[in-house]
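Here the structure comes first, spelled out in structure tokens, and everything after it is commentary.
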Amino acid sequence: MKKLLLCRVVDIIIAEVKKYCGMRRYFLYLITLLFFSGCSQSRLVETFITDDDRVLRQILEEADKDTLVVFDCDEVLITPDDTLFSPVNEDNYKKTIQYLNKKVGFSKADDILICIRKRHKFRLLNDELPNIIKNMQNRGVSVVVLTAHWTGEFHNIKSVEDLRKNELNQFDFDFKKSWNDVDKIVFYELPTKLPKYNLTKYPIFENGIIFACNIDKGAMLQQFLNRVSRTFDKIIFVDDKMKNIRSIKNFCEKNKIKGKCIQYKKAELFNKSKADPQEIERELNKIINSYSF
């Protein structure tokens, strides 16, 4: 009961933080970190929620050669500038899919969504992260990206994971540096079905990036570490979704590995353009008319 009350206090603190800015917000977050240490149900694993870059940096600075640092990609490393038709703007994205499916059918709708994605310009969520990651790697820290992204051939794209690689390549990231001795891995032991198409896909590791094909991240990380035969004393995991935080927390507890799991919510600070259905349909019709499908 005491832990439940303590966690409720943390929820209240987080709500209040959003009303403040600058150092005041930062100090409140430091208080939040202390409270969360008490809220954690496991002495092995600590869970944090923050949108403050300084709090994230402080945790990452603790990483050493025995630490594996794992980053999600979407809404942690990068985010699209225009969120009108992006999955990060869930309400608009649902309206987009519904309209396209009705207008051109779900197969052509996916073609259009891929074209829209190729047109997206991306930005860093945290301008410091490329240098922070580079400094960690220079200290011998192993850094990997674990994304839910799909792999393989899809709608005339030979390797759909190349879309994600190209998006990350716009910035000064080099995740291969920690894994120069590890070749490409295809996880044939983890087949999964692509929704709607009933196509079998397989997760892939390549150049420091794990493409998990929407497989549970704890299970994916377990299999990855089994295949590369590396062991770590501690894991730092950064993701924007709480379900993934819980998954990696369970993985750490199961394997008796110390962990710090950070739900990084900075993306919520960015304005996400809202649009009524008529505006969405008008913009989509322009896109439909500008391509031959």
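Taken together, the values in this text are just the output of simple stated rules run on the coordinates, not laboratory data. What you are looking at is a predicted structure, and each value in this text was computed from that prediction instead of being measured. Positions of Cβ are backbone-derived with ideal geometry, glycine not excepted, and every protein chain shown enters the neighbour counts.
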Along the stretch 159-169, Karplus-curve 3J(HN,Hα) (6.51, -1.76, 1.60; θ = phi - 60°) to the nearest Hz, with x for Gly and Pro, reads 9, 5, 5, 5, 4, 5, 4, 5, 5, 6, 5
The answer for GluC sites (Glu not before Pro) in the stretch 146-216 that fall in a DSSP coil and have at most 13 neighbouring Cβ atoms within 10 Å is Glu153, Glu189
Each label sits 7 Å from Cα toward the beta-carbon; between Ser159 and Ser290 the label points are separated, in nm, by 2.9
Taking r as the C-beta separation of Asn138 and Thr231 and R0 as 25 Å, the FRET efficiency to the nearest 0.05 is 0.70
Between Glu90 and Asn166, Cβ-based FRET efficiency (R0 25 Å, step 0.05) works out to 0.55
The long-range amide H neighbours of Asn214, using H built 1.01 Å from N in the peptide plane and a cut-off of under 5 Å, are His149
For Lys121 and Asn255, extending 7 Å from Cα along the Cα-Cβ vector and measuring point to point gives, in nm, a value of 4.0
So for R0 = 25 Å, FRET eff. of Asp183-Ala219 from the Cβ-Cβ r, to 0.05, ends up at 0.70
A correct fewest-to-most ranking of Met242, Met136 by other Cβ atoms within 10 Å would be Met242, Met136
When Lys193, Lys217, Lys286 are ranked with the fewest other C-beta atoms within 10 Å first, the list becomes Lys286, Lys193, Lys217
Beyond 26 Å (Cα-Cα) in this structure, taken from Lys193/Lys258; Lys65/Lys217; Lys102/Lys196; Lys176/Lys201, we find Lys193/Lys258
